[in-house]
Each structure stands twice: as structure tokens, then as C-alpha cells.
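Just below is one structure, and these are the notes that go with it.
The values are calculated or read from the model by the stated rules, or taken from the named source; none is laboratory data. The shown structure was predicted, so the numbers you read here are calculated from the model rather than taken from an experiment. Don't worry about glycine lacking a Cβ; one is built from the backbone with ideal geometry, like all the others, and counts go over all protein chains shown.
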Amino acid sequence: MTEDPFHEATLVARRYLTPGMIRLTFSGEGLKRFRSTGIPDEYIRLFFPDPATGELTLPTIDAEGRWAFPEERQRVRYSTYTVRRFDLARCELDVDLVVHDGGQASDWARDAELGERIVINNPRGLYARPDELERQILIADATGLPAVARILEQTPSQVSSRVFLEMADETHQQPLPDHPRASTTWFHLAHGDTDGSRLVDLLPLEQIDDGKTYLWAAAEKSVVRTLRAQSEELKQSGAERQKIVAYWAR
């Protein structure tokens, strides 16, 4: 039987975790066929309806698995998010998303009525720490926070984690899952300025060239570009020992 690439779900709960992040909970019979990869940073695309027409348009998928969009591509409205939690027994899925003015997904997240229908696709994950590496560095801005939280939940107790997170201010911080060998440093953007990220100052100060450290980072595209260049300079460029991903672009 061919795997169904899309799954319908219903918005059943919404709550603010911080002033800048909302948790949406989806449920429904359509999630019975959804299968988590088990990878902690797995992500999905959330397809939501046009607010003007209520129409929800999906891409088609060809025999090679490539997406094809209608001529009016803007009719397909979607954004990509980390799966924060999936409970198959309850057919529930949580997505934590950053909200900001002018974002089509965040506008929908704030305004949608409970009971509204959305569609998600099958998940994919990128985090892949080799078992022999028992130290990891996790770097993220607000968009990567849900993935960091889930990574910590699934990290074995013997693995040490150095976590660096950058938020708008202290009101945007969240409690992270307890882990016996994790330490976290929070940074705050100066006056909410997104142009002066301090995440680009971290790698030269950390020992990542010891062959024993896994590096995972998720942030804005220009920050990620700098982190990749620094990683290469510090000889941490092996694909099996790092995953540095741009979660958004200006």
C-alpha cells in the first residue's frame, strides 16, 4: 500500500508558552496514519487555508517524490515546523511556533478557531549524533528552541550537552527538560535587534575539534552561514559530526 503523504488534522487547543511562542495541538482520525521518525528535530509542513476564501490547496507529488505546485503557487499556504510531541495512541500532535506580525502562519495560529482543519505531511529529521560521540553542542534562536527541547528529552543520560539559546528577552525563555549533564546559557537580543546575534561568537570559544563532539545548530540563514564557516575553520566539517540548518531568512 502506498504511504499517504498528507494527513488531515483539526486544531483542538492553543496556548501561549511565552509572549512570542504559541503551542498548537492538533488531533483527528487522519493522524492515525501519521508515523513519527523518532528523530528529535523532525519537522513537518503545516498546510493551512487561505483566510480570505477558506480554501486549502495542496501540492501534488510525482512518482519520484517531487512536489509539483499549481500555476498560482501562492494558493499553497504552508510553513515548516518541528514536531514537539506526537502521541499516536491519542492521535495528538503539538507544534510550537514563533509568532510575529505579518507572518501568514503566525497570523493563522493566533486567529484560527478551534475546530479548523489543516493538513500536514510526513515528517523528516536531520539530527544524527553518532553513538560514540558523548558530547554535543546545541545552538539555536527561538525558532530552534522546540527542537532543542526535544533533543534534550531524547539524549541519553551519559551524553553531555552544552546549550546556547538566543531569545528576544528573558520573557521568551522557557523551562527546558531536565538532563543530568546539560548546561544552558541564554542570550538576549539587544533591544530586540535581530541583526546582532551573539550566536556567531560561540564556536571559537568551544572545543569542537576534539573529534568527540557533535554540533547541532538552527538559526537565521546569515547566522548559519557564519557558523558553518567557523566550523570548517575549526575542522569540525565532517557531515557525521554536525548538522547546521537555516530555519528562516530575513
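Details
- Within segment 209-248, the only residue that satisfies the criterion of being surrounded by fewer than 17 Cβ atoms within 10 Å (Cβ to Cβ), modelled with pLDDT of 90 or more and either among the aliphatic types (A, V, I, L, M) or in the same structural domain as residue 80 (by TED's automatic domain parsing) (or both) is 229.
- The listed residues are 4, 41, 50, and the only one of them that is crowded, with 19+ Cβ neighbours inside 10 Å and either of a type in the set (Lys, Arg) or in a loop (DSSP other than H, G, I, E, B) (or both) turns out to be 41.
- Verdict on residue 25 being β-branched (Val, Ile, Thr) and modelled with pLDDT under 95: no
- Scanning segment 53-90 for residues that are part of a loop (DSSP other than H, G, I, E, B) and among the polar types (S, T, N, Q) yields 53, 57.
- If only residues of segment 60-106 that are modelled with pLDDT under 90 and at positive phi are counted, the one that is nearest to the chain's Cα centre (by Cα) is 102.
- Check on residue 157, in the same structural domain as residue 184 (by TED's automatic domain parsing), polar (S, T, N, Q), in a loop (DSSP other than H, G, I, E, B) and out of contact with any Asp or Glu (no Cβ under 8 Å at 6 or more places or on another chain): yes
- Residue in segment 171-207 that is farthest from residue 135 (Cα to Cα), counting only those that are of a type in the set (Val, Ile, Thr) and modelled with pLDDT of 90 or more: 171
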